[in-house]
1. Please identify which residues in region 47-62 have an amide N closer than 19 Å to a label point set 7 Å out from the Cα of residue 23, following the Cα→Cβ vector.
2. Using only Cα atoms and rounding to the nearest 10 degrees, what angle (0 to 90) does helix 84-93 make with the longest principal axis of the chain?
3. For the pair residue 16/residue 31, report the inter-label distance in nm, with labels modelled 7 Å from Cα in the Cβ direction.
4. Under Stokes-Einstein, with the Kirkwood radius over Cα pairs standing in for Rh, what whole-number D in µm²/s applies to region 1-59 at 25 °C and 0.890 mPa s?
5. At R0 = 22 Å, how high is the FRET efficiency between residue 99 and residue 43 if r is their beta carbon distance? Nearest 0.05 is fine.
6. In what sequence do 37, 16 fall when counting other Cβ within 10 Å, fewest first?
7. When the distances between all Cα atoms of the chain are binned every 10 Å from zero, what whole-number percent does each bin get?
């Protein structure tokens, strides 16, 4: 798989909780992690989606350039997947908040929306782009 050319970046208040959620519950794979001096906070992390693409994440307390005042819990992300129902079931089993149950859209996608530990909205759907 080639490396993604676009990397959405998300800031979290608890990077370890986000890391566990995105890897253990959602299904991302860890590709690179730089931890802070405390050994637990993720200063910079990179996660890959098994079906292509990736995201970067880190600690909101790091004072990133251009960081907005509402740096956490305000991201909306879309991830293409062959099986959004399976992603939903893993998230539900882990106690994640399901914002929109799996449903068919008028543009031919099957989508589900899930909140991560900081309240960011992750939509997983079958639509892979035009």
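Coordinate-derived values only; no laboratory data. Small disclaimer: the values here were computed from a predicted structure and weren't measured. Note that each Cβ is placed from the backbone with ideal geometry, even for glycine, and that neighbours are counted across all protein chains shown.
1. The answer is 47-60, whose backbone nitrogens lie closer than 19 Å to the label point.
2. Once rounded, the angle reads 60 degrees.
3. Spacing of the two 7 Å Cα→Cβ label points: 2.6 nm.
4. Values: Rh = 11.5 Å.
The diffusion coefficient I find is 213 µm²/s.
5. Values: r = 29 Å, r/R0 = 1.31.
Here the calculated transfer efficiency is 0.15.
6. Working: 37 7, 16 14.
Fewest to most other Cβ atoms nearby, the residues stand as 37, 16.
7. 12, 44, 34, 9, 1
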